[in-house]
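Written below as structure tokens is the structure these notes are about.
Just so you know, all these numbers are worked out from the coordinates, no wet-lab data involved. In this text the structure is predicted, and so the values were computed from the model without any measurement. Heads up, the Cβs are rebuilt from the backbone with ideal geometry, glycines too, and the neighbour counts pull from every protein chain shown.
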Amino acid sequence: MGGMTVFQRQASLADLNALSAGTAMEPLGIVFTGIGPDHLTATMPVDARTRQPYGLLHGGASVLLAETLGSTAGGLCVGEGEGVVGIEINANHLRGVREGLVTGTARPLHLGRSTQVWEIRIEDARGRLACVSRLTLAVIARG
């Protein structure tokens with residue numbers, strides 16, 4: 001979305017990772033690893049915490065990573081006194097991943113006054129697309 005930053009709020013990776021303490025992100029090993037003018041990235045290990053019984057990355061873990069990235073990024077795009085909540089998410093699982101780290105990258109498709117739409121691409125350690133997700137957020141007043 002253009003060359004300038006989409007984020008209205010400043011946050012460091014340390015700030016974002018501190019928010020994960022005591023949440024679903026912590027036991028799954030999700031770590032925010034990069035923030036750019038129009039994207040946010042995080043990694044998640046493919047191990048016993050995130051695999052399904054057949055040894056592949058669990059689709060639900062991919063969706064949790066996607067919603068974490070999109071909602072965190074979306075929260076950085078709203079003004080003071082506003083927040084975001086997820087209202088719809090979908091995911092296409094394109095490639096099985098058995099080990100290593102996956103990296104998710106969230107980029108905005110639409111940043112409106114009342115809704116946002118984010119695309120989250122999850123890649124394996126070799127850069128191959130494993131999952132693509134689209135998250136719709138509602139912008140709400142925080143009170």
Calculate, in nm to one decimal, what His110 and Arg126 gain on full extension: separation in residues at 0.36 nm each, minus their alpha carbon distance. 2.9 nm
Theoretical gain in end-to-end length, Leu101 to Glu26 [0.36 nm per residue, Cα-Cα removed]: 25.5 nm
Can you pull out the trypsin sites (Lys or Arg not before Pro) in the stretch 1-91 whose DSSP state is coil and whose Cβ has at most 14 other Cβ atoms within 10 Å? Arg9, Arg49
